[in-house]
Amino acid sequence: MAVFGISVYPEHSTREKDLEYIKLAGKYGFRRIFTCLLSVGTKSKKELIEEFGTLIDAAHKEGMEVILDVNPAVFSRLHISYEDLSWFHEIHADGIRLDEGFDGMKESLMTHNGGLKIELNASDGGTYLDNVMANFPNTQNLITCHNFYPQKYTGLSLEHFNACNRAMKKYHLRTAAFVSSNNGKTFGPWPVNEGLCTLEMHRGLPLELQVRHLLATGMIDDVLIANAFASEEELRACTKLNPAVLTFGIELEKELTKVERAILYYDKKHANRADVSDYMARSTSPRSTFSEVSIPPANTHDLKPGDVAIVNDRYSRYKGELQIALKPMENDGRKNVIGHIPAQEMFLLEYMEPRRIFGFQE
């Protein structure tokens, strides 16, 4: 099951606002927090415990785990040895994310040190991971997380993202990635803030669409909102998603009948047929459920890719079947075109596989 998370940056906020945000995210079932030690300047260990400790304790009360972003420079500045990670227990952290790696052996040794989760940078690709795994880490304490990219046009390509994820999944490691809130004056750890997403293609897209895409890949376990503060509406939208279902938005073209609405938002879930067609995704289960009801013809124009149609009374054997057009098709009047997938979501059709469970946002 996917886990959703938020990010907090206490050096750029107030304790009151951070605590309020943590409580709100906890209310909606968020279970992870990312926060950053790379951008806290020259603060001492004691100051950092004071600044972060209260927030981490508040997160734990909400059932959330907290991962601190670090790198070798942070270890050096705070005089922390990879052989002794006890200070991270003092600050009550659940784990540390290594934004920059060491030499493979050190990462492995860290996973045997006190039960702290060690999170590798998933965006570096498979060679670095192979080096860590060659040193026999305790994989119970080893997880991975991609970067986020504040500068426009610097986010990962989908091709590289997929290659990195395949490398992580080869070792059955849990993987996280970042999405970006569009809620007004959000911020991250750095002055540059043009969105904080992992994938460049996500920049500027609605947050819940970014989330639906990451879930659709089947390779991301945890989805983290990188910038603060996401709106309550955005948090709520995330937790309404079913990670197991490929979910599409829909722009309706007609007023739906009661039967058409029941088919579109089919409570038994749509599933693409195993014997797939180049021309359409087909959900045939509604045919039996709605075999005894009438579906009068309406809005029966030719279909273009992304159109969503329901077979009407004129095609009796197939009446009630829901279809998503993948290629242009003629319509002889036996299919009601009820709407279409929004243009910015068309890329999600690439994840429509045989037997894939899918549905629509109501």
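So the values come out like this:
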quantity	calculated
Filter result for the condition that a residue is charged (D, E, K, R) and farther than 30 Å from Leu215 by Cα, over Arg314, Arg355	Arg314
Selection within the range 82-92 - outside any helix (DSSP H, G or I) and not acidic (Asp, Glu)	Tyr82, Leu85, Ile91, His92
Lone qualifier among Asn147, Asn141, Asn121 - being open to solvent by less than 10 Å² (accessible area, probe 1.4 Å), modelled with pLDDT of 95 or more and under 23 Å from the mean Cα position of the chain (by Cα)	Asn121
Residue within the range 99-108 that is on the phi > 0 side of the Ramachandran plot and surrounded by 16 or more Cβ atoms within 10 Å (Cβ to Cβ) present	yes
Selection from the range 278-325 of residues that are open to solvent by less than 50 Å² (accessible area, probe 1.4 Å), of a type in the set (Ser, Thr, Tyr) and farther than 17 Å from Met352 by Cβ	Thr300
Number of positions in the range 34-52 that are over 30 Å from Val223 (Cβ atoms) and β-branched (Val, Ile, Thr)	1
Verdict on Glu362 being without any contact (Cβ under 8 Å) to a residue 40 or more places away in the chain and not in a strand (DSSP E or B)	no
Residues within the range 25-65 that are in a helix (DSSP H, G or I) and open to solvent by 40 Å² or more (accessible area, probe 1.4 Å), tallied	10
Within the range 1-24, considering residues that are open to solvent by less than 10 Å² (accessible area, probe 1.4 Å) and in contact with an Asp or Glu (Cβ under 8 Å, 6 or more places away or on another chain), the one nearest to Lys43 (Cα to Cα)	Val8
The range 201-239, residues that are within 13 Å of Gln344 (Cα to Cα) and open to solvent by 30 Å² or more (accessible area, probe 1.4 Å)	Met201, Arg203, Gly204, Pro206, Glu208
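The values are calculated or read from the model by the stated rules, or taken from the named source; none is laboratory data. Since the model is a prediction, treat every value here as computed from it, not as a measurement. Quick reminder, even Gly has a Cβ in these numbers, built from the backbone with ideal geometry, and neighbours come from all protein chains shown. Surface areas here come from the heavy atoms of the whole protein model, side chains and all, with no ligands, DNA or RNA. Shrake-Rupley method; radii C 1.70, N 1.55, O 1.52, S 1.80 Å.
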